[in-house]
Amino acid sequence: MKSIEDYVNLEPSFYQGVLDHYDDLFVSTVKDVEVTKIDNIVIYATGSSSNAAYGALPFMSKVLGLPVQIQEPSISENYLMNVSENSLSIAISQGGHSYSVVELVQRLQQAGHVVFSLTSELDSPLAEISDHVLSMGMPVKEMPYVSAGYSVVILDLILISLTIARQKGQLSEKEIKDYLQQIDQIVEALPSIISKSTEWVTKQLSIFSNAKRLSFVGYGATYGVAREGETKITEAVRISAWGKELEEYMHGPYLGLNNEDIVIFIEPNGKLAERSGLLKKFLNQHIQHVYTIYANHNQSLLEHDLELDLEIDELLASLFMTIPVHLLAYRLSQEKGIDLQHSAYPDFDKITSSKI
């Protein structure tokens with residue numbers, strides 16, 4: 001059975017596979033739907049899929065020029081079914097067995113709404129009940145914890161948004177080509193990013209292994225990365241973790257600081273870099289361990305920070321900045337002797353019917 005680390009190392013080939021089959025995966029299905037009338041998009045997802053959606057959200061909003069929002073399937077299905085006529089719904093369940101997602105898609109379709117269901121399992125319950133199925137373009141995962149699947153969902157959503165933007169005339173062919181070239185640049189750099197991330201995790205492991213709480217802070221596209229940090233550390237390491245947006249952290253959570261906290265900034269070197277720097281300045285006066293993972297070269301780099309050295313549009317940073325976070329979660333789990341090959345609570349789904 002593959003590990004989180006194995007899947008991180010497979011990300012370059014998974015990304016390339018999606019790009020190589022871009023037309024087959026998305027273009028043909030999107031063409032079957034009248035997208036010119038769409039005036040908003042709602043993404044329904046939970047867990048790592050929701051984190052991935054937040055990683056893609058700023059890019060989608062920019063290229064589509066439409067309101068794009070993310071909602072929890074259970075809340076939406078039970079309390080928020082006032083979906084506008086011209087909405088496009090995108091429901092994500094990587095394994096296709098999520099009870100809440102399957103129930104929601106059925107309700108949306110019965111109400112006459114267009115839903116794209118994104119999954120890796122084309123014979124899953126979700127795929128079977130969906131009118132418009134989009135394949136993630138990667139094999140079914142072989143372990144209970146999502147890693148590469150999270151990253152592939154971000155790429156899928158970015159490519160789906162480019163497909164819709166082309167069909168709606170929102171972007172020129174040159175603009176689309178420029179974005180695809182940047183994505184190619186990221187794929188080419190992934191082996192180097194994985195290597196740098198592995199080295200950084202190894203160097204800092206002794207510090208992180210003593211952590212009682214890890215907090216991840218991001219903004220823009222890296223808010224989704226911060227959320228995924230919370231999810232993976234909680235799932236794999238089983239200690240307290242937070243994943244906060246920059247301003248969200250500054251409006252309350254900072255008051256819960258204690259001396260043993262470790263805070264990791266996911267810095268895409270974007271619009272809010274200066275604001276992020278002010279928060280780091282404050283934190284450095286009150287706690288010992290403040291780290292930054294930088295997307296590209298930064299003059300503020302400290303010895304214990306990580307620089308991924310990739311000059312790229314900040315809205316694409318989520319495609320590669322989760323790699324050190326996933327590796328950190330995996331290495332810490334191994335350091336603590338936690339078995340990730342099997343579910344910690346195998347009776348959970350039997351009791352809750354969370355999965356179909």
Within segment 227-240, can you find the residues that are surrounded by fewer than 15 Cβ atoms within 10 Å (Cβ to Cβ) and in contact with a strand residue (DSSP E or B) (Cβ under 6 Å, 6 or more places away or on another chain)? S240
Against the definition (modelled with pLDDT of 95 or more and touching a Gly at 6+ places or on another chain (Cβ under 6 Å)), how does I186 come out, yes or no? no
Residues located in segment 273-297, provided they are closer than 22 Å to L328 by Cα and either charged (D, E, K, R) or not in a helix (DSSP H, G or I) (or both): K280, I287, Q288, H289, V290, Y291, T292, I293, Y294, A295, N296, H297
Enumeration of residues in segment 341-356 that are touching a strand residue (DSSP E or B) at 6+ places or on another chain (Cβ under 8 Å) and either at pLDDT 85 or above or part of a loop (DSSP other than H, G, I, E, B) (or both): S354, I356
Quick check on segment 323-340. Is at least one of its residues in contact with a Pro (Cβ under 8 Å, 6 or more places away or on another chain), assigned to a loop (DSSP other than H, G, I, E, B) and within 19 Å of V217 (Cα to Cα)? no
Might you let me know whether segment 245-255 holds any residue that is more than 27 Å from G277 (Cα to Cα) and surrounded by fewer than 19 Cβ atoms within 10 Å (Cβ to Cβ)? no
Checking the condition under 23 Å from the mean Cα position of the chain (by Cα), of a type in the set (G, A, S), open to solvent by 10 Å² or more (accessible area, probe 1.4 Å) and at pLDDT 95 or above, which residue from G270, G224 passes? G270
L10 - would you say it is in contact with a helix residue (DSSP H, G or I) (Cβ under 6 Å, 6 or more places away or on another chain) and surrounded by fewer than 23 Cβ atoms within 10 Å (Cβ to Cβ)? yes
Please enumerate the residues belonging to segment 183-208 that are open to solvent by less than 60 Å² (accessible area, probe 1.4 Å), under 25 Å from S120 (Cβ atoms) and not small (G, A, S). I183, I186, V187, L190, I193, I194
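Okay, residues lined up against (1) surrounded by 23 or more Cβ atoms within 10 Å (Cβ to Cβ); (2) among the basic types (K, R); (3) at pLDDT 95 or above:
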| position | (1), (2), (3) |
| --- | --- |
| M1 | no, no, no |
| Q16 | no, no, yes |
| D20 | no, no, yes |
| S61 | no, no, yes |
| P73 | yes, no, no |
| I92 | yes, no, yes |
Test result for G243, of a type in the set (G, A, S), closer than 28 Å to M60 by Cα and in contact with a strand residue (DSSP E or B) (Cβ under 8 Å, 6 or more places away or on another chain): yes
Within the bounds of segment 144-165, is there any residue that is out of contact with any strand residue (DSSP E or B) (no Cβ under 9 Å at 6 or more places or on another chain), exposed (fewer than 15 other Cβ atoms within 10 Å of the Cβ) and either closer than 30 Å to V290 by Cα or among the basic types (K, R) (or both)? no
Selection count, segment 75-90, where residues are surrounded by fewer than 17 Cβ atoms within 10 Å (Cβ to Cβ) and aliphatic (A, V, I, L, M): 3
Tabulated pairs, segment 98-116, first in contact (Cβ under 8 Å) with a residue 24 or more places away in the chain and open to solvent by 60 Å² or more (accessible area, probe 1.4 Å), second among the aliphatic types (A, V, I, L, M) and outside any helix (DSSP H, G or I), C-beta under 6 angstrom, 6+ apart or interchain: Y99/I356
Any residue in segment 27-42 that is within 16 Å of the chain's Cα centre (by Cα) and either open to solvent by 20 Å² or more (accessible area, probe 1.4 Å) or at positive phi (or both)? no
Any chance you could count how many residues in segment 307-333 are buried (at least 17 other Cβ atoms within 10 Å of the Cβ) and either without any contact (Cβ under 8 Å) to a residue 40 or more places away in the chain or closer than 18 Å to S147 by Cβ (or both)? 18
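The values are calculated or read from the model by the stated rules, or taken from the named source; none is laboratory data. The model shown is predicted, which means the values in this text are computed figures rather than measured ones. FYI the Cβ positions are ideal-geometry reconstructions off the backbone, even for glycines, and counts take in every protein chain you see. Accessible surface areas use protein heavy atoms only, side chains included; no ligands, DNA or RNA. Shrake-Rupley method; radii C 1.70, N 1.55, O 1.52, S 1.80 Å.
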